Amino acid sequence: QVQLVESGGGLVQAGGSLRLSCVASASIFRFNAMGWYRQAPGKQRELVASITSGGTTNYEDSVKGRFTILRDSAKNTVYLQMNSLKPEDTAVYYCNVQPFLHAYWGQGTQVTVSS
């Protein structure tokens, strides 16, 4: 049963922007902190941004000032607005609850930033 579906990735030049979306089932979204994670080739998956049910946000240092995480409770959707993208942001991006649960990993969405 698919419960988290990511979309919005693509190929973009350095300095460009993308907005990722993650639609979650209501049972997952309503009471949980949500996070965006990414995994680059040959690297471990890392948390890049999170947002609590109350709207408190946290960001990994390398994305502070460039990425913004938002949640829309009416749509059970969490967004990741990514600006000033860099080649090192290239990765597969996933959403999950925070802290994550293995059962909730989806297919992710590929983000590729060209230099």
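Rule-based calculations on the coordinates, nothing more; no lab input. Keep in mind that what you see is a predicted model, and the values were worked out from it rather than measured. FYI the Cβ positions are ideal-geometry reconstructions off the backbone, even for glycines, and counts take in every protein chain you see.
Remarks
- Summarising the strand pairing of the chain, around 90 percent of its internal DSSP beta bridges are antiparallel.
- FRET E, pair residue 43, residue 75, Förster distance 35 Å, beta-carbon r, rounded to 0.05: 0.65
- Eligible aspartates and glutamates near residue 64 by straight Cα distance, threshold 18 Å, same-chain separation 8 or greater: 46, 88, 89
- From phi via Karplus (6.51, -1.76, 1.60), per-residue ³J(HN,Hα) for segment 76-84 in Hz, x at Gly/Pro: 6, 10, 10, 10, 10, 8, 10, 10, 6
- Segment 1-109 - charge dipole about Cα centre, Lys and Arg +1 at Cβ, Asp and Glu -1, debye rounded to 20: 120
- Cα convex hull of the chain - mean projected area over all directions, nm²: 6.6
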